[in-house]
């Protein structure tokens, strides 16, 4: 009879999706690997409600000038060297705001969990100015 060699079990999950930042929904996980819409970080402006340096990522590119249903746009705001704001636009079949649902989360420190700051139409008044580009300000360069 042959002796069996006992080896420690090591689980390797190929292509496992990354975890989202603490407090954020799963669909935001790995957003930094999506298409980046801005060529350089967007600096804060005096009228900017986010007051942070931003990068914008998109899960899908537009077709015929519009983003397809299911697209997620993530605006990441960095303040004091850490991601302090995540604002998302999620494309749905709804008619209002061309189908975009908007949610913002913030956190006070790099170790804190994100908490929801705003949901719904809070951002649409700003983004209405970009209705010609499907409510998304930043275009890929």
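Here residue 109 passes the criteria (1) out of contact with any helix residue (DSSP H, G or I) (no Cβ under 8 Å at 6 or more places or on another chain); (2) surrounded by 15 or more Cβ atoms within 10 Å (Cβ to Cβ); (3) over 19 Å from residue 38 (Cα atoms); (4) touching a residue at least 24 places away in the same chain (Cβ under 8 Å) except the one numbered (2). One residue stands out among those in the stretch 114-141 that are closer than 15 Å to residue 42 by Cβ, over 15 Å from the mean Cα position of the chain (by Cα) and outside any helix (DSSP H, G or I): the one that is modelled with the highest pLDDT, which is 139.
Residues are listed down the side, and each one gets a yes or a no for (1) within 11 Å of the chain's Cα centre (by Cα); (2) part of a loop (DSSP other than H, G, I, E, B):
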| site | (1), (2) |
| --- | --- |
| 56 | yes, no |
| 69 | no, yes |
| 74 | yes, no |
| 78 | no, no |
| 86 | yes, no |
| 112 | no, yes |
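Looking only at residues in the stretch 1-38 that are at pLDDT below 90 and surrounded by 14 or more Cβ atoms within 10 Å (Cβ to Cβ), the one that is nearest to the chain's Cα centre (by Cα) is 20.
Of everything in the stretch 92-103, what is touching a helix residue (DSSP H, G or I) at 6+ places or on another chain (Cβ under 8 Å), at pLDDT below 90 and outside any helix (DSSP H, G or I)? Give them in sequence order. Once the filter is applied, which keeps residues that are touching a helix residue (DSSP H, G or I) at 6+ places or on another chain (Cβ under 8 Å), at pLDDT below 90 and outside any helix (DSSP H, G or I), the stretch 92-103 yields 92, 100, 102.
The values are calculated or read from the model by the stated rules, or taken from the named source; none is laboratory data. Please read all numbers here as calculations on a predicted model, not as lab measurements. Virtual Cβ from ideal backbone geometry, glycine too; neighbours counted across all protein chains shown.
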